[in-house]
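Enquirer: Here it is, the structure in full.
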Amino acid sequence: MLNAFTSDHAATLQAALPDLPLKPAEPRYLEEPRGKWVGLPTFVAAPRSTQDVAAIVRFANEHRIGLQPYGGGTGLVGGQLTTKGPEPLIVSLENMAIIRAVYPQENTLVADAGVTLETIQNAAADINRLFPLSYGSKGTAQIGAGLAVNSGGLNVLRYGMARDLCLGIEAVLPNGDILHGLKRLKKDNTGYDLRHLLIGAEGTLGIITAAALKLSPRPTNTATAFLAVPNPTAALELLARTWDTAGEVISAFELLSGSGFDFLREVFPDVRQPFETPPDWSVLVEIATAGDTDPQAILETVFAEAFDADLVTDGLIASSGQQAADFWAVRETIPLANRAIGAIASHDISLPLSHLAEFIDTTHQALLDIAPIRINCFGHLGDGNLHFNVYPPVGKDRKEYAHVAADISRLVHDRVVERGGSFSAEHGIGRLKTADLAHYSDPAKLATMRAIKSALDPNGIMNPGAVLP
Ligand SMILES: Cc1cc2nc3c(=O)[nH]c(=O)nc-3n(C[C@H](O)[C@H](O)[C@H](O)COP(=O)(O)OP(=O)(O)OC[C@H]3O[C@@H](n4cnc5c(N)ncnc54)[C@H](O)[C@@H]3O)c2cc1C
């Protein structure tokens, strides 16, 4: 049983760590991007060192206080907010925001957990390297949190998830021990790889304080195209052909539905749209190469051949960096437009590629039997990852459909799992999907997760209520 973190605890902790920034939490620590939850009012500590994080964790064990790890607060599954139970202490990594070292010769970099993705991307660019982990929240989202949730984003197709970009981790374990795992090695088979236990644990098995990260060669030439396709089946065929022609150099292959363009027009009319008449389906493709290989020529070939094969009905290849940026602005503003419209239910799912097109079509039909909804289905097609979000009809408020939200999500997730897919592709479990985890998981997996949690965190202090409530 945990105790609430009180002002008496704050005074005791402050006396033990006089230099620790510790204060009542401002509203920003208690809000989240979609406005679904509000965190319990409490205190926030923002340690400046791994030693201080360890001292906080030891204090929490001694007093049986829950700890709420907090990065940039952009998580979409409520993992960063404690909404019920005793008030925890929020541990924000914002003051641990230094790039500790850059190793150009090794293509690695070591960063504190609180460094934002954008800062890491810039540090890599400074030595002519690429840190490819990227998503719309990159200016605020932190690397420690990105690893904690094993985030994905726009370049997974080519470079993998956060897990694939991490060589080593430093973390404070739930007993207050510091795990010194900042190795910069690709090969290190020395027993259980605890790095991979902490990655994706969403702060339930410890607080990540720093990471050693893998950098990639920086492509010198990039080409970007927006191509209208007749349907998702054609989009998948186009993906296969692009792979055949371009090989590993496809950096992104994003699917967009006509609803995304409609939503943009409705709430962000200033965003420049690529097509005069928004197509029902389109893909945003990026190819990035180094040396003499011309990505523009590759895209032109793909476009021409796909057009002849009726896989593409219209399209634009960006003729300038600005036009490419405009294309990406469309893709990156869609999540904001979605939020402004207000979803009845959102789903971050993944499926084997061979099931995707059939899933999109038949699930849309099945949902229409529940209510006259609209769907904005978009996402990282190359990774089989769709954001399959369900909205009220034009002019209606999502609140009118609140009573069917659970039925909608159950139907979507049932159909995903039946096809060998995942009900949480990249955003994690947090507090949003704990019931889904319990419902859909393999019993052996769930039992092993519980055994690991109770072995490492017997007092249940780490992110209580998240993942395994
Ligand atoms: C506009 C927008 C676009 C997005 N696009 C994508 C996308 O394409 N792909 C994607 O994967 N996500 C996306 N996200 C979700 C989100 O940005 C990522 O999950 C991101 O990694 C969260 O980082 P954060 O620093 O904001 O973490 P927070 O929200 O603060 O925390 C996320 C989780 O990590 C835990 N945590 C935080 N720091 C640590 C730490 N140091 N150690 C242990 N646990 C910790 C928290 O307790 C919480 O459970 C998007 C969000 C927004 C708002």
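The values are calculated or read from the model by the stated rules, or taken from the named source; none is laboratory data. On a predicted model such as this, the values are computed, not experimentally measured, just so you know. All Cβ positions, even for glycine, are placed from backbone atoms using ideal geometry, and neighbour counts span all protein chains on display. Keep in mind that these areas ignore ligands, DNA and RNA; they rest on the heavy atoms of the full protein, side chains included. Shrake-Rupley method; radii C 1.70, N 1.55, O 1.52, S 1.80 Å.
Enquirer: Give the residues of the range 411-469 that are in a loop (DSSP other than H, G, I, E, B), open to solvent by 40 Å² or more (accessible area, probe 1.4 Å) and among the small types (Gly, Ala, Ser), sorted by residue number.
Expert: 420
Enquirer: In addition: Name the residue, out of 32, 94, that is free of Cβ contacts under 8 Å to residues at least 60 places away in the same chain, more than 20 Å from residue 210 (Cβ to Cβ) and within 13 Å of the ligand (Cβ to nearest atom). Working first, answer last.
Expert: Numbers: 94 fails: more than 20 Å from residue 210 (Cβ to Cβ).
When all the criteria are applied, what remains is 32.
Enquirer: Check 194, 133, 165 and return the single one that is over 12 Å from residue 213 (Cα atoms) and within 14 Å of the ligand (Cβ to nearest atom).
Expert: None of the other options fit; the residue is 194.
Enquirer: Could you give me the residue pairs with C-beta distances under 8 Å whose first residue belongs to the range 63-80 and is over 19 Å from residue 151 (Cβ atoms) and more than 6 Å from the ligand (Cβ to nearest atom), whose second residue is part of a loop (DSSP other than H, G, I, E, B) and of a type in the set (Val, Ile, Thr) wherever it lies, and which are 6+ apart or on separate chains?
Expert: Taking only residues 6 or more apart or on different chains, the pairs are 64/461; 65/461; 66/82; 66/461; 67/461.
Enquirer: What's the number of the only condition in (1) part of a strand (DSSP E or B); (2) in contact with a Ser or Thr (Cβ under 7 Å, 6 or more places away or on another chain); (3) open to solvent by 50 Å² or more (accessible area, probe 1.4 Å) that residue 301 fails to meet?
Expert: Unmet condition: (1).
Enquirer: Pairs please, first residue from the range 323-343 and aliphatic (A, V, I, L, M), second anywhere and assigned to a helix (DSSP H, G or I), Cβ atoms under 6 Å, 6+ apart in sequence or on different chains.
Expert: Every condition considered, the pairs that remain are 334/260; 337/263; 337/264; 337/267; 340/267; 341/263.
Enquirer: Taking the stated definitions as given, is residue 91 β-branched (Val, Ile, Thr), crowded, with 20+ Cβ neighbours inside 10 Å and outside any helix (DSSP H, G or I)?
Expert: When the stated conditions are applied, residue 91 passes them.
Enquirer: May I ask you to say which residue of 360, 408 is at pLDDT 95 or above, closer than 26 Å to residue 465 by Cα, of a type in the set (Val, Ile, Thr) and buried (at least 16 other Cβ atoms within 10 Å of the Cβ)?
Expert: Selected residue: 408, the only one of 360, 408 that is at pLDDT 95 or above, closer than 26 Å to residue 465 by Cα, of a type in the set (Val, Ile, Thr) and buried (at least 16 other Cβ atoms within 10 Å of the Cβ).
Enquirer: Additional query: Suppose the filter is touching a residue at least 24 places away in the same chain (Cβ under 8 Å), outside any loop (DSSP other than H, G, I, E, B) and within 19 Å of residue 465 (Cα to Cα); does residue 44 pass it?
Expert: Details: touching a residue at least 24 places away in the same chain (Cβ under 8 Å): yes; outside any loop (DSSP other than H, G, I, E, B): yes; within 19 Å of residue 465 (Cα to Cα): yes.
In short, yes.
Enquirer: Take the residues in the range 97-130 that are among the charged types (D, E, K, R) and away from the ligand (no atom under 12 Å from the Cβ); name whichever of them is nearest to residue 74 (Cα to Cα).
Expert: Of all residues in the range 97-130, those among the charged types (D, E, K, R) come to 100, 106, 112, 118, 126, 129.
Add one more test, that the residue is away from the ligand (no atom under 12 Å from the Cβ), and what stays is 100, 106, 126, 129.
Details: 100: 24, 106: 31, 126: 26, 129: 26 Å.
Here the residue is 100.
Enquirer: Do we have residue 76 as open to solvent by 10 Å² or more (accessible area, probe 1.4 Å) and under 25 Å from residue 435 (Cβ atoms) here?
Expert: yes
Enquirer: Could you go through the range 174-184 and let me know if any residue there is over 27 Å from residue 60 (Cβ atoms), surrounded by fewer than 17 Cβ atoms within 10 Å (Cβ to Cβ) and under 22 Å from the mean Cα position of the chain (by Cα). Give the steps one after another, and end with the answer.
Expert: Start the filter on the range 174-184 by keeping residues that are over 27 Å from residue 60 (Cβ atoms), which leaves 183-184.
Add one more test, that the residue is surrounded by fewer than 17 Cβ atoms within 10 Å (Cβ to Cβ), and what stays is 183.
Next, from what is left, pick out any that are under 22 Å from the mean Cα position of the chain (by Cα): none.
Within the range 174-184, not a single residue is over 27 Å from residue 60 (Cβ atoms), surrounded by fewer than 17 Cβ atoms within 10 Å (Cβ to Cβ) and under 22 Å from the mean Cα position of the chain (by Cα).
Enquirer: Collect the residues in the range 281-298 that are surrounded by 15 or more Cβ atoms within 10 Å (Cβ to Cβ) and not small (Gly, Ala, Ser), keeping them in residue-number order.
Expert: Within the range 281-298, 281, 283, 284, 285, 286, 287, 289, 293, 295, 296, 298 qualify.
Enquirer: Specify the residue that is farthest from the chain's Cα centre (by Cα); the eligible residues are those in the range 57-73 that are within 20 Å of residue 112 (Cβ to Cβ) and crowded, with 24+ Cβ neighbours inside 10 Å. If you could, list the steps in order and put the result at the bottom.
Expert: Here is the first cut: in the range 57-73, the ones within 20 Å of residue 112 (Cβ to Cβ) are 57, 67-73.
With the extra rule that they be crowded, with 24+ Cβ neighbours inside 10 Å, the set shrinks to 57, 67-71.
Working: 57: 26, 67: 22, 68: 19, 69: 16, 70: 15, 71: 13 Å.
Here the answer is 57.
Enquirer: When only residues in the range 354-380 that are in contact with a Pro (Cβ under 8 Å, 6 or more places away or on another chain) and either among the basic types (Lys, Arg) or in a helix (DSSP H, G or I) (or both) count, which is nearest to residue 234 (Cα to Cα)?
Expert: Applying the filter and picking the extreme gives 357.
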